[in-house]
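Enquirer: Before I ask anything, let me first share the structure, which is written out below as structure tokens.
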Number of protein chains: 2
Amino acid sequence: MKRKGILIVVSGFSGAGKGTLMKRLVSDYENYALSVSMTTRNPRPGEVSGREYFFVSREEFEKQIAENGLVEYASYCDNYYGTPKAYVEEQLEKGKDVILEIEIQGALKVKKQFPEALLLFVMPPNAQELRRRLEGRGTETKEVIDKRLKRAAEEAEGIEEYDYIVINDDLEECVRHMHSVIMAAHDTPDRCGDLIEKMRKELEAFAK
Amino acid sequence: MKRKGILIVVSGFSGAGKGTLMKRLVSDYENYALSVSMTTRNPRPGEVSGREYFFVSREEFEKQIAENGLVEYASYCDNYYGTPKAYVEEQLEKGKDVILEIEIQGALKVKKQFPEALLLFVMPPNAQELRRRLEGRGTETKEVIDKRLKRAAEEAEGIEEYDYIVINDDLEECVRHMHSVIMAAHDTPDRCGDLIEKMRKELEAFAK
């Protein structure tokens, strides 16, 4: 029986290591595909449409909104950013687990359209470590770091909406554990409907 | 932060391999404890109270019922069988994941008293394989096997009440996968309340 993919939404504090984890999942295992967002902003040098983003016109984006072609979208600095539904569904049908990085408001919108989506929240082991990582980048001012910590405090309010907390302490261990959590999620009854139905029919046939 | 154990309820069709899986979890990993049931039946030669069962008198068992000292209990062939709450709670407090094998009615009673319990349903990969395993034992009459298959068809009605389906195809793989599922379950927000609370407090302190 062919197994359908799961839509995986990854959120977490800035500095929790979401990006690295997602890249590692895709490179270490064969079952993942990264969702490619659609945007109206102009491509930067080297960016390729369909790889970094699907680059489209404002008209095209608004047509997608009108036709309910996006899983979620938001507007930022006068540009639209969104997740094309067709691409996600195509990958899921192929059996790929599609990973989508998005903040909490977007995550909840996704869950509404895809109730079987798996919502993961990535955290460092403690707040001191989060601060250390933000400072360690060495590229941000104290003001920016403080703003991010404040934003983290706000985001922490929504953690209960997620299915799993992923603690990113040791990267290698975290990648393996995150993969385990996703593999386990394939085996919840709501995601195994076909298998359960098949087993029931076979057992009923025996019982006759 | 010390992690509390999870109460794990294992159900599944007769012939699905529950007993073997549970024994392997306990022997392969250090985090498990098997729940020991209480019964009013007489010990058989070689059985030790506190190992196979806690053997008690009818009066003692009924006292436990009256004092709400059992997670669940049932009566079978004029004897009581039940799960002592004190033993389970003691092991959970120690951080042990306590495994309890029980059928669906009992499993749902446990879930009521321990909402954070994890309910696992063990299945063979398909019904033909279940039949083959039941026949393969070679110890049962056709009548008994048919009865078990019929019972399996009835039990299959309740699968959606469980948190995870565990497919027992290859034993080694299944033990590892079952362990992964349980490790993942430790990281749901409802089981990480203390960790989330701690993170929130620390972040709030930074944000001040």
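Table: residues versus (1) under 20 Å from A:I182 (Cα atoms); (2) more than 7 Å from every other protein chain (Cβ to nearest Cβ).
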{"position": "B:Y162", "(1), (2)": "yes, no"}
{"position": "B:V175", "(1), (2)": "yes, yes"}
{"position": "B:H179", "(1), (2)": "yes, yes"}
{"position": "B:P189", "(1), (2)": "yes, no"}
{"position": "B:E197", "(1), (2)": "no, yes"}
{"position": "B:E204", "(1), (2)": "no, no"}
{"position": "B:K208", "(1), (2)": "no, yes"}
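Enquirer: Starting from residues that are free of Cβ contacts under 8 Å to residues at least 60 places away in the same chain and crowded, with 17+ Cβ neighbours inside 10 Å, keep the ones in the stretch B:132-154 and report whichever is farthest from the other protein chains (Cβ to nearest Cβ).
Expert: B:I145
Enquirer: State all residues of the stretch B:45-72 that are farther than 30 Å from B:M183 by Cβ and touching a Gly at 6+ places or on another chain (Cβ under 9 Å); if no residue qualifies, say none.
Expert: Step one: list which residues in the stretch B:45-72 are farther than 30 Å from B:M183 by Cβ, which gives B:45-49, B:55-69.
Residues satisfying the conditions are B:F61, B:K63, B:Q64, B:I65, B:G69.
Enquirer: OK, next. Does at least one position in the stretch B:41-55 carry a residue that is at negative phi, under 14 Å from the mean Cα position of the chain (by Cα) and of a type in the set (S, T, Y)?
Expert: No, the stretch B:41-55 contains no residue that is at negative phi, under 14 Å from the mean Cα position of the chain (by Cα) and of a type in the set (S, T, Y).
Enquirer: Does the stretch B:6-59 hold any residues that are acidic (D, E), assigned to a loop (DSSP other than H, G, I, E, B) and at pLDDT 90 or above, and which are they?
Expert: B:E30, B:E47
Enquirer: Exactly one of (1) free of Cβ contacts under 8 Å to residues at least 40 places away in the same chain; (2) more than 15 Å from A:L7 (Cβ to Cβ) is unmet by A:L171. Its number?
Expert: For A:L171, the exception is condition (1).
Enquirer: Applying the selection to the stretch A:155-180, what residues are hydroxyl-bearing (S, T, Y) and surrounded by fewer than 19 Cβ atoms within 10 Å (Cβ to Cβ)?
Expert: A:S180
Enquirer: Which pairs do you get when a residue that is more than 13 Å from chain B (Cβ to nearest Cβ), found in the stretch A:105-123, comes within reach of a residue that is among the basic types (K, R), reach meaning Cβ atoms under 8 angstrom, with the pair 6+ apart or on two chains?
Expert: Here the result reads A:Q113/A:K85; A:E116/A:R191; A:A117/A:K111, each pair linking the stretch A:105-123 to a residue that is among the basic types (K, R).
The values are calculated or read from the model by the stated rules, or taken from the named source; none is laboratory data. Here the structure is a predicted model, which means the values were calculated and not measured. Note: ideal-geometry Cβ built from the backbone for every residue, glycine included; neighbour counts use all protein chains shown.
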